[in-house]
Structures are given as C-alpha cells and as structure tokens.
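Here the structure comes first, spelled out in structure tokens, and everything after it is commentary.
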Amino acid sequence: MKKIYLLLFPALCILAVACSKDFLKSYDKRIEGGIWELYDVNSFGIGSGYSLPFTSGRFRFFDNGEMEYEDNQGNLYRGSWNIRKEYRSDETVRQLHVTAVDFQTQRVISETFDNMVFTGTNRFKAFVYAGAKTFTFKFKR
C-alpha cells in the first residue's frame, strides 16, 4: 500500500501545479485583462419585445472599472463595468453591469446581466431574464 502512495504522490503534485487556480480568484479578477469575445447569444422561452444591446463584439474589462467594447462594425464604445454579488435563497448570484458610450455618435448602450457563471478559465456565460424568456450570452477569451 505504501508503494502505491509513493507512486501516486508525484503524479498528484504535477497535477496540482498544472491545474489552473483561477477558480480561487474573485470574479472581478478573473474578468479583468484580455479581450473577451461575445461569440453567441441564445434565447429560450416565450415572449418578445426585448431589444438586446449586445449581440456580438469584443469587450475589454480594466481593473479600474472601465471597459471598452467594439462591435462588429468597428464602432468603439467606452464606459464602466462592475460585478455585484447577491445572495438569493441558497445560492450566490453575480450580476454584471456594463454601460458604454460611443463618443462619435453619442449612442449609449447598457445591460445588466442577471447572473454570470465561469465555465472555464477562458469562458463564461451571462444571463438576462426578461419575463418568461432567458437570454444566454457566451464569452470567450
């Protein structure tokens, strides 16, 4: 039995060093830096009338709460972001708030994502609940 432990110990050490420790970081620290691409938006449920301000493009979240968003037409928006943690019943929910302005056209876009969940080191999903309809926004770095 002792030999098995001696054989498994080096493998476990390598695994522990090789695995990402991102899950230990706060959501704020995980989202900062790098460019996040909004690559897919899905909707589920019934209802209509909700206009999505973001359907694709690239986001950059800075550690000072500022952000940049570039849509697929090359329009550059600058604004702010923050993540709020709420406790609902028996779960923790993180809301992502983004507001951005295109200073060329004076267009303002804003969204409150009702929940966000990291699905990997370089991926997360954000959800918007609009009545009986749920929108899922998928981001990757």
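The values are calculated or read from the model by the stated rules, or taken from the named source; none is laboratory data. Fair warning: this is a prediction, and the values are worked out from it, not measured in the lab. Just the protein is used for accessible areas: all its heavy atoms, side chains included, with ligands, DNA and RNA removed. Shrake-Rupley method; radii C 1.70, N 1.55, O 1.52, S 1.80 Å.
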Given a 1.4 Å probe and every protein chain left where it sits, what share in percent of the accessible area of the stretch 44-141 is carbon and sulfur?
43
Note down the Stokes-Einstein diffusion coefficient of the stretch 80-141 in µm²/s, whole number, using a Kirkwood radius over alpha carbon pairs, 25 °C, and 0.890 mPa s.
188
